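Novice: If you scroll down you'll find the structure; I have some questions about it.
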Amino acid sequence: MKIIFTLFCIFLLGLKASFGQKVSDEGLQIYWKKMQNIEGGKELSYSELMEIWNSPGYNYYSNQNAYQDTYNKYYNLVYLPNLQDSLQNRLKNNENASFSFYIIRYLNEAKQKKIELERFIQNLKASNIINKGNIQAFKYLPKISKSQNDNILIAFTLIKPDSQTIAEENLILIDLLSAYKLGNDFDKLLGHELHHLYVIKYFSKLKKVDKYPDLIYSIHKLSLEGIADLIDKNDILIKEGKSDDEKEYCKYYNESKNRFQKMDSLILEIVDDESIFNFNGRKIINLFPFGGHPNGLYMAHLIESEYGKKGILKCLSNPFIFIQMYNEASKQNPKKYYVFSDVTMNYLKKLELEWIENKKMLLH
């Protein structure tokens, strides 16, 4: 009975948080229409292409002209009938795996799967996917005292195989191709992104600035992504038949001890000479590929195993607490986990006083 009651409460929370939240494929509908015109042999004008970039989801990139110009060029390559031989040559002969090759391959894959993708998004719109995503997000959230009445837009696009949350705009961008490949597990990815939005808007005490110094950004990402990855990345570690990206993810996860040791050394150098704060901060960002996801999950796993879910919830407001709790837990098994030096932890405490605002979390 207790389990049933708990599940019912989670369900009600999901209903509450989904108020005002909307799944949109408006940008995709414009995208497919324009691509159909190109397939008919018509090169689109700049103003016609801008109809895509002014649509929901795509308009997040509205001020990135170089970004748009790159895609506009490759739309023609992928879809114009008289360029199909050139397309196939580009796909076969690009051995350098350049960024342009990834764009072309991605757009071409979306073209080949158009019917399946359109069917998938229509099924999603007819489902209760937002409630399912919220149930996943609330697995690692306290109760939120403020009702989630934000007009959150969950916009699907076909731009790159990545999803992201822009909390200050109440916007979640979801890559349709990646969502399609996840199938029934898509609710976990949506939960991951919703978790980001709620943490940033309602729990985080990290000062809001346009751009964080690299060291602060790295600490923030390790915590933010590590906790959210508990929702949707656990299966990667035990999955058979991993993709190349999943293999890389697991590789970086397993290298966490060595990477934290290097991070410790770089911070110790900053302590000795703070003039290299930015220089070493950039090095620390480069230590954590995939935006800190795998190494953050490594830390979150240890915190959860040592302190339970309550330990994870204590970290939501403050990424420095995330590192502190990891470090305390690592001391229980220093042969397996890297323990940061006292000097580094004291320096991080100094940064915490500078970067964490003193405000109450919205809990009850």
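The values are calculated or read from the model by the stated rules, or taken from the named source; none is laboratory data. Keep in mind the model is a prediction, meaning the values are calculated, not measured. Reconstructed Cβ throughout: ideal geometry from the backbone, glycine too, with neighbour counts over all protein chains shown. Heavy atoms of the whole protein, side chains included, go into the accessibility calculation; ligands, DNA and RNA do not. Shrake-Rupley method; radii C 1.70, N 1.55, O 1.52, S 1.80 Å.
Novice: So which pairs qualify, if the first residue must be in the stretch 24-43 and in contact (Cβ under 8 Å) with a residue 12 or more places away in the chain, the second must be open to solvent by less than 80 Å² (accessible area, probe 1.4 Å) and of a type in the set (Gly, Ala, Ser), the Cβ gap must be under 6 Å, and the two must be at least 6 apart or on different chains?
Specialist: Short answer, once both residue conditions are applied: SER24/ALA155; GLU26/SER55; GLY27/SER55; GLY27/GLY57; ILE30/SER55.
Novice: If I ask for residues that are β-branched (Val, Ile, Thr), closer than 19 Å to ASN327 by Cβ and open to solvent by less than 40 Å² (accessible area, probe 1.4 Å), which ones from the stretch 249-285 would you list?
Specialist: Of the residues in the stretch 249-285, the ones β-branched (Val, Ile, Thr) are 267, 270-271, 276, 284-285.
Filter again for closer than 19 Å to ASN327 by Cβ, leaving 267, 270-271, 284.
Those that are β-branched (Val, Ile, Thr), closer than 19 Å to ASN327 by Cβ and open to solvent by less than 40 Å² (accessible area, probe 1.4 Å): ILE267, ILE270, ILE284.
Novice: Here's a follow-up. List the number of the failed condition for LEU215; all other conditions in (1) closer than 28 Å to SER62 by Cα; (2) aliphatic (A, V, I, L, M); (3) surrounded by 23 or more Cβ atoms within 10 Å (Cβ to Cβ) hold.
Specialist: (1)
Novice: Would you pick out the residues in the stretch 200-210 that are open to solvent by less than 10 Å² (accessible area, probe 1.4 Å) and in a helix (DSSP H, G or I)?
Specialist: Matches in the stretch 200-210: PHE203 only.
Novice: What number of residues in the stretch 83-101 are within 25 Å of GLN29 (Cα to Cα) and either loosely packed, with under 10 Cβ neighbours inside 10 Å or touching a residue at least 24 places away in the same chain (Cβ under 8 Å) (or both)?
Specialist: Adding up the residues that qualify gives 1.
Novice: Pairs please, first residue from the stretch 279-293 and of a type in the set (S, T, N, Q), second anywhere and assigned to a helix (DSSP H, G or I) and open to solvent by less than 40 Å² (accessible area, probe 1.4 Å), Cβ atoms under 6 Å, 6+ apart in sequence or on different chains.
Specialist: ASN280/LEU266; ASN280/ILE270
So that you can scan it fast, the table gives a plain yes or no per residue for (1) open to solvent by 20 Å² or more (accessible area, probe 1.4 Å); (2) of a type outside the set (D, E, K, R); (3) under 15 Å from TYR180 (Cβ atoms):
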{"site": "LEU107", "(1), (2), (3)": "no, yes, yes"}
{"site": "ALA110", "(1), (2), (3)": "no, yes, yes"}
{"site": "LEU117", "(1), (2), (3)": "no, yes, yes"}
{"site": "ASN128", "(1), (2), (3)": "yes, yes, no"}
{"site": "LEU141", "(1), (2), (3)": "no, yes, no"}
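Novice: Ok, one more. So, ASP185, is that one assigned to a helix (DSSP H, G or I), acidic (Asp, Glu), buried (at least 23 other Cβ atoms within 10 Å of the Cβ) and in contact (Cβ under 8 Å) with a residue 12 or more places away in the chain or not?
Specialist: No.
Novice: Could you tell me which numbered condition ILE236 fails, if it satisfies all but one of (1) open to solvent by 50 Å² or more (accessible area, probe 1.4 Å); (2) over 23 Å from GLU357 (Cα atoms)?
Specialist: If we test ILE236 against (1) open to solvent by 50 Å² or more (accessible area, probe 1.4 Å); (2) over 23 Å from GLU357 (Cα atoms), just (1) comes out false.
Novice: A follow-up question, please. Give the residue, chosen from TYR298, TYR253, TYR212, that is in contact (Cβ under 8 Å) with a residue 12 or more places away in the chain and farther than 22 Å from GLN136 by Cα.
Specialist: TYR253
Novice: Follow-up question, since we're still on this one. Going through the stretch 55-82 one residue at a time, which ones are assigned to a loop (DSSP other than H, G, I, E, B) and more than 14 Å from GLY27 (Cα to Cα)? Please lay out each step first, then the result.
Specialist: Of all residues in the stretch 55-82, those assigned to a loop (DSSP other than H, G, I, E, B) come to 55-57, 62-64, 80.
Scanning the stretch 55-82 gives ASN63, GLN64, LEU80.
Table: residues versus (1) under 24 Å from CYS250 (Cβ atoms); (2) of a type outside the set (Phe, Trp, Tyr); (3) assigned to a helix (DSSP H, G or I); (4) touching a helix residue (DSSP H, G or I) at 6+ places or on another chain (Cβ under 7 Å).
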| position | (1), (2), (3), (4) |
| --- | --- |
| ILE270 | no, yes, yes, yes |
| GLY292 | yes, yes, yes, yes |
| LEU302 | yes, yes, yes, yes |
| GLU328 | no, yes, yes, no |
| ASN346 | no, yes, yes, no |
| LYS349 | no, yes, yes, no |
| LEU353 | no, yes, yes, no |
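Novice: Also, quick follow-up: Looking at LYS262, LYS242, LYS247, LYS310, which is the one that is among the basic types (Lys, Arg), part of a helix (DSSP H, G or I) and within 20 Å of the chain's Cα centre (by Cα)?
Specialist: Numbers: LYS262 fails: within 20 Å of the chain's Cα centre (by Cα); LYS242 fails: part of a helix (DSSP H, G or I); LYS310 fails: within 20 Å of the chain's Cα centre (by Cα).
Exactly one of LYS262, LYS242, LYS247, LYS310 is among the basic types (Lys, Arg), part of a helix (DSSP H, G or I) and within 20 Å of the chain's Cα centre (by Cα), namely LYS247.
Novice: Let me ask something else about it. Which of the residues belonging to the stretch 291-321 are hydrophobic (A, V, I, L, M, F, W, C) and surrounded by fewer than 18 Cβ atoms within 10 Å (Cβ to Cβ)?
Specialist: Across the stretch 291-321, the qualifying residue is only LEU313.
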